[in-house]
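One structure is given below, encoded as structure tokens.
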Amino acid sequence: MNVKGGILVRDGKRTSCELGVVDSQSAIVSALCMGFTASDETLSDVKFEAYLDAGGDGEYATYSVEKITVHPHYNSTTFANDIAIISYNSGGDVKWQNPIAPSAQIVFTVK
């Protein structure tokens, strides 16, 4: 699938939160969109999915989010460091990377 973009799905409902699709297994999203109030919070009662779309050709897929990594210094009051990485399994052995981020490696460094 030639992915053009994606949105976050929360408990089966599409949100208005866009995903920055990095590759076949990860995307970045606002931590605020996910409902986090602290970087160490867990939302085990919420089901998140990544809805990926090929952009106009009718091809799309929805994948369960397996892991969420919120920036360690996320502040829900000031919105500082309002970013999270979601990991999903797109299935199969096919690996792809979004051409707008051909060599992206997202690393959170705590100082």
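No value in this document is a laboratory result; all are computed from the given coordinates. All figures in this text were calculated on a predicted structure; none of them were measured in a lab. Ideal geometry is used to build each Cβ from the backbone, glycine not excepted, and the neighbour counts take in all protein chains shown.
Taking region 1-20 and a reference point 7 angstrom along Cα→Cβ of ASP45, the backbone N atoms nearer than 18 Å belong to 10-13. Projecting label points 7 angstrom from Cα along Cα→Cβ for LYS13 and ASP57 puts them 3.3 nm apart.
Across region 1-83, the mean sequence separation of Cα contacts (distance under 8 Å, 6 or more residues apart), normalised by length, yields a relative contact order of 32 percent. Were the residues from ALA80 through GLU66 laid out at 0.36 nm apart, the gain over their Cα-Cα distance would be 2.6 nm.
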